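One structure is given below, encoded as structure tokens.
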Amino acid sequence: MPIAKPEMHFFICNSYRVSGQAQGACNSKEAGDLLAYLETEILDRGMDAQVSGCGCLKVCTEGPVMVVYPEGKWFGQVDEEKMDAILDAIEDDEDTSELEIA
Ligand code: FES
């Protein structure tokens with residue numbers, strides 16, 4: 001049976017460890033709150049996207065880190081303001097390279 005697959009998938013590092021506990025750089029920078037913020041924004045904007053928290057993406061100094069697929073774009077130092085700018089750019093099909101991790 002086919003499943004509904006979203007156009008985009010956002011992963012936010014929540015620093016999960018094997019134990020399931022969220023510990024680490026991104027989590028200590030309120031990445032958990034960003035996950036909830038992004039979920040709300042996706043719904044408010046009516047975007048066909050899924051949001052998932054994930055384990056360490058191995059660029060901890062850039063935290064909080066978010067990766068967007070299918071584009072494979074990586075964003076660092078993400079806060080609510082930067083999240084809004086990223087979502088605005090995606091919705092308007094604008095270049096996000098200045099917001100991405102170099
Ligand atoms: S804890 Fe987020 S990239 Fe390592």
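Cross-link pairs exceeding 24 Å in C-alpha to C-alpha distance, out of 29/73; 5/58; 5/82, comprise 5/58; 5/82. Between residue 81 and residue 17, the FRET efficiency estimated from the beta carbon spacing at R0 = 35 angstrom works out to 0.75.
Spin-label model, residue 3/residue 74: points 7 Å from Cα along the beta carbon direction are separated by 2.6 nm. When 40, 96 are sorted by how many other C-beta atoms sit within 10 angstrom of their C-beta, beginning with the fewest, the order is 40, 96.
Beta bridges per DSSP, both residues in the chain: antiparallel share near 55 percent. Database note for the chain: Cys without another Cys beta carbon under 4.7 angstrom, 54, 56, 60.
Over the range 1-91, Cα pairs under 8 Å with separation of 6+ residues give a relative contact order of 35 percent. Label sites at residue 61 and residue 89, each approximated as a point 7 angstrom past Cα along Cα to Cβ, lie 2.2 nm apart. Residue-wise HN-Hα couplings along the range 41-56, as the Karplus relation 6.51 cos²θ - 1.76 cosθ + 1.60 with θ = phi - 60° gives them from phi, are 4, 4, 5, 4, 7, x, 7, 8, 8, 10, 10, 9, x, 9, x, 3 Hz; Gly and Pro carry x.
Sorting 30, 94 by the number of Cβ atoms found within 10 Å of their own Cβ, with the fewest placed first, yields 94, 30.
Each value in this text was obtained by applying a stated rule to the coordinates, not by laboratory testing. Quick caveat: nothing in here was measured; it's all calculated off a predicted structure. Glycine gets a Cβ as well: all are built from the backbone with ideal geometry, and neighbour counts include every protein chain shown.
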